[in-house]
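Everything on this sheet refers to the single structure shown next.
Nothing in this text is a laboratory measurement; each read-out follows from the coordinates by a stated rule. All figures in this text were calculated on a predicted structure; none of them were measured in a lab. All Cβ positions, glycine included, derive from the backbone under ideal geometry; neighbour counts span all protein chains shown.
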């Protein structure tokens with residue numbers, strides 16, 4: 001525990017030098033910082049994203065739709081480098097005023113429709129294609145878990161992930177506080193997945209697509225390198241579910257799209273067609 005307690009000032013002011021690894025892209029105001037139009041490809045859906053957990057949710061959904069035979073779900077996925085501030089360009093802000101990835105332009109109708117927030121994008125696509133969301137009471141149960149994820153993940157990412165992995169120093173209080181919450185969340189998931197194959201029940205759904213890139217990656221040590229610290233091996237039902245989803249070919253493709261880190265063979269910076277997965281040549285694909 002630090003010995004010196006912080007006394008908040010009467011009026012908070014922004015210190016550009018504080019904030020850790022991502023301080024350069026965090027600011028207390030909204031709106032664009034520069035003029036930059038977004039590229040537009042040939043397909044009905046234009047996705048602007050990066051392969052963070054929130055971005056992976058949506059590329060997995062698109063690849064699952066295509067694998068299920070929905071050929072009119074073809075999409076172009078354009079790379080948004082958030083470390084470079086691409087999300088503050090005027091074109092991106094016009095699609096998502098919150099300046100967060102992913103952002104989608106649905107150009108399948110007479111007028112383009114903007115869709116932002118990853119959960120909203122998943123629900124929009126599910127309703128549009130009548131896919132990956134069951135009917136009746138099972139639909140409500142799947143949506144329960146989709147919205148559980150949308151409310152819980154900020155505690156994992158902006159809370160635990162930030163203070164455990166990215167903060168300029170490791171402070172015990174916030175790490176203890178958010179570790180307790182993340183372990184509670186893992187217990188919630190583990191209990192649910194002990195009684196059902198998938199979060200919504202018997203059927204794989206957008207609830208699983210939303211949750212797997214966060215909590216599946218966490219227990220498999222893909223994000224934050226914290227699996228041992230969290231004693232992730234004790235969440236056996238979450239591990240079973242994480243491994244089961246990871247084996248899906250559409251998931252394997254979706255996690256590659258807009259990925260710019262890790263093994264080069266697992267990256268597809270920009271996706272325009274299914275054949276791009278075969279070449280994986282970034283200069284050829286575009287970018």
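Of note:
- Note on residue 246/residue 70: beta-carbon distance plugged into 1/(1 + (r/R0)^6) with R0 of 22 Å gives a FRET efficiency of 0.50.
- Computed over the chain with a Gaussian network model linking Cα atoms closer than 10 Å, the most mobile of 28, 154, 264 is 28.
- Additional length obtainable on full extension of the chain from residue 22 to residue 40, 0.36 nm per residue less Cα span: 3.6 nm
- Estimated from helical segments only, the mean residue ellipticity of the chain at 222 nm is -11000 deg cm²/dmol, where each DSSP H run of four or more residues counts as -39500 (n - 2.57).
- Length added when fully stretched, residue 261-residue 187, from 0.36 nm per residue minus Cα-Cα: 23.6 nm
- Residue 165/residue 4 FRET efficiency (R0 30 Å; Cβ-Cβ; nearest 0.05): 0.80
- Given the choices [x] 20.3, 79; [y] 24.1, 98; [z] 19.5, 61, Rg and Dmax of the Cα atoms in Å derived from the coordinates of this structure is entry [z].
- Debye intensity ratio I(q)/I(0), log10, the stretch 34-76, q values 0.15, 0.26, 0.33 Å⁻¹ (C-alpha model): -0.43, -0.96, -1.12
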